[in-house]
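Q: There's a structure below that I have some questions on.
Laboratory data are not the source of any read-out in this text; all were calculated from the coordinates shown. Predicted model only: the values in this text are computed from it and were never measured. All Cβ positions, even for glycine, are placed from backbone atoms using ideal geometry, and neighbour counts span all protein chains on display.
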Amino acid sequence: MAKIENEAQYNWALSKVEELLRSTDEKTPAEDSNMIELKLLSDLVADYSDEHYSIGEPTLVDILKLRMYEMGITQKKLSELLEVSPSRISDYLTGRSEPTLKVAREISLKLNIDAHIVLGV
């Protein structure tokens, strides 16, 4: 099998990987046939999972909402913290606009969000 083509093949490969995991451990030599099969099937399962079940990268909107929840703050409090209007925060949270570089810097510093995430790089 060079590639998992459908859900049935994926389920079969997944159950085979689980079976092989029970029959191998960290002491099993890499040349062992079970270990070789485990490696090959694991890679195929991972490729199929990435293609069909990928969650994707979180957006700035997702991160902002999560951070607001974690900090227990409202849009109004966030606007005060970032020194922008509540309507501007609403624009960010609905995706109608993106923060300026200055505001992005404040988001990164004051909300402790990696600058790469804020800038989308």
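Q: By how many nm would the segment from Ala30 to Glu7 lengthen if fully extended, with 0.36 nm per residue of separation less the alpha-carbon distance? Show your work: numbers first, answer last.
A: Details: separation 23, 0.36 × 23 = 8.28 nm, distance 2.86 nm.
Gain in length upon complete extension: 5.4 nm.
Q: Right, next: What shape does the stretch 60-119 have by the C-alpha gyration tensor, where a ≥ b ≥ c are the square roots of the eigenvalues, rounded means a/c under 1.5, and otherwise prolate means a/b greater than b/c and oblate the rest? Mind showing how you got there, number by number?
A: On the way: a/c = 1.27, a/b = 1.07, b/c = 1.18.
Cα axes put the stretch 60-119 in the rounded bin.
Q: Excluding Glu51 itself, calculate the net charge of residues whose Cβ lies under 13 Å from the Cβ of Glu51, where each Lys or Arg counts +1 and each Asp or Glu counts -1. Show your work: numbers first, answer last.
A: On the way: positive: Lys3; negative: Glu5, Glu7, Asp43, Asp47, Asp50.
Here the count lands on -4.
Q: Any chance you could check the Cα centroid distance between the stretch 77-121 and the stretch 6-26 for me, in angstrom?
A: 44
Q: Using helices alone, I'd like the mean residue ellipticity at 222 nm for the chain: each DSSP H run of four-plus residues gives -39500 (n - 2.57), total over residue count, nearest 500.
A: On the way: 7 runs with 81 residues, N = 121.
Roughly -20500 deg cm²/dmol at 222 nm, from the helical runs in the chain.
Q: Enumerate the lysines that Lys110 could reach by cross-link, defined here as Cα to Cα under 25 Å, with residues fewer than 8 away along the same chain left out.
A: Of all the lysines, those that pass the test against Lys110 - Cα under 25 Å, at least 8 places apart if same chain - are Lys65, Lys76, Lys77, Lys102.
Q: So what's the chain giving for Cα Rg divided by 2.2 N^0.38 Å, two decimals?
A: Numbers: Rg = 22.7 Å, N = 121, 2.2 N^0.38 = 13.6 Å.
Taking the Cα Rg and dividing by 2.2 N^0.38 Å, one obtains 1.67.
Q: A follow-up question, please. In vacuo Debye scattering of the stretch 7-52, one point per C-alpha: log10 I(q)/I(0) at q = 0.15, 0.22 Å⁻¹?
A: Taken in order of the listed q values, log10 I(q)/I(0) reads -0.37, -0.71.
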